[in-house]
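This report refers to the structure that appears directly beneath it.
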Amino acid sequence: MTAQSGPRVPTRKEGNKSSPPMKGATKIWNGAIVVMESGLAIPGKVGTGLTTLGIATATVDNIGGDGAAAVTVERGTFKFFNYGSDAVTAAEIGKNCYVFDDQTVAKTDGSSARSVAGKVIDVDSDGVWVALG
């Protein structure tokens, strides 16, 4: 491609959503934490090397093979359950928290077993506000 020689209007996509391909035989529930594992979207879980994308904006049941369906994921700040035996506290505001499952976050990486969920924004009595993606 040659350098631009005049004005143009580039195609735009909002930066807070994406639609990654899903792992085969996987269901991701609306509102679930979505992570990438080996290039495919799956529900949040304990695991290393996972990349947190955001939350699913609808329930998608990929009954086909890898990549047969895609899930729309939204980045932003959302409230999740706080993992009781490794609870996030106000002292973690501004720090990373870690994925425990598709709706729960934990304070630590569980001896390097958990992947980063996102930054803790606030902690309430009933959950943790986390900036995902």
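The values are calculated or read from the model by the stated rules, or taken from the named source; none is laboratory data. All of these numbers come straight from a predicted model, not from anything done at the bench. All Cβ positions, glycine included, derive from the backbone under ideal geometry; neighbour counts span all protein chains shown. Heads up: the accessible areas ignore ligands, DNA and RNA and are worked out on the full protein's heavy atoms, side chains in. Shrake-Rupley method; radii C 1.70, N 1.55, O 1.52, S 1.80 Å.
Structure above, values below:
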read-out: Under the Karplus curve 6.51 cos²θ - 1.76 cosθ + 1.60, θ = phi - 60°, whole-Hz ³J(HN,Hα) for the stretch 19-28, x wherever Gly or Pro sits; value: 9, x, x, 9, 5, x, 6, 10, 10, 10
read-out: Carbon and sulfur %, accessible surface of the chain computed with the full protein complex present, 1.4 Å; value: 52 percent
read-out: Heavy-atom accessible area order for Thr108, Thr11, largest first, 1.4 Å probe; value: Thr11, Thr108
read-out: Part-to-part distance (alpha-carbon centres) for the stretch 60-86 and the stretch 102-120, which is given in Å; value: 15 Å
read-out: In the stretch 48-115, trypsin sites (Lys or Arg not before Pro) in a DSSP loop with at most 12 other beta-carbon atoms within 10 Å; value: Lys95
read-out: Residue-normalised accessible area of the chain, expressed per residue, 1.4 Å probe, Å²; value: 55 Å²
read-out: J(HN,Hα) series, the stretch 55-72, from Karplus relation 6.51 cos²θ - 1.76 cosθ + 1.60, nearest Hz, glycine and proline x; value: 10, 6, 8, 7, 6, 10, 10, 7, 7, x, x, 3, x, 6, 9, 10, 10, 7
read-out: Antiparallel bridges, percent of DSSP beta bridges restricted to the stretch 29-133 (to nearest 5); value: 95 percent
read-out: Residue order for Phe80, Phe100 - accessible surface, 1.4 angstrom probe, largest first; value: Phe100, Phe80
read-out: Scattering curve values for the stretch 13-76, log₁₀ I(q)/I(0), Debye with Cα scatterers, q = 0.20, 0.30 Å⁻¹; value: -0.66, -1.36
read-out: Heavy-atom accessible area order for Trp29, Trp129, largest first, 1.4 Å probe; value: Trp29, Trp129
read-out: Projected-area mean, the chain, by convex hull of Cα positions, square nanometres; value: 10.6 nm²
read-out: Accessible area (Å², 1.4 Å probe, nearest 10) - Ser112; value: 80 Å²
read-out: Rel. contact order, % - alpha carbon contacts under 8 angstrom, at least six apart, the chain; value: 24 percent
read-out: Residue-level accessible surface for Val9, protein heavy atoms, 1.4 Å, Å²; value: 140 Å²
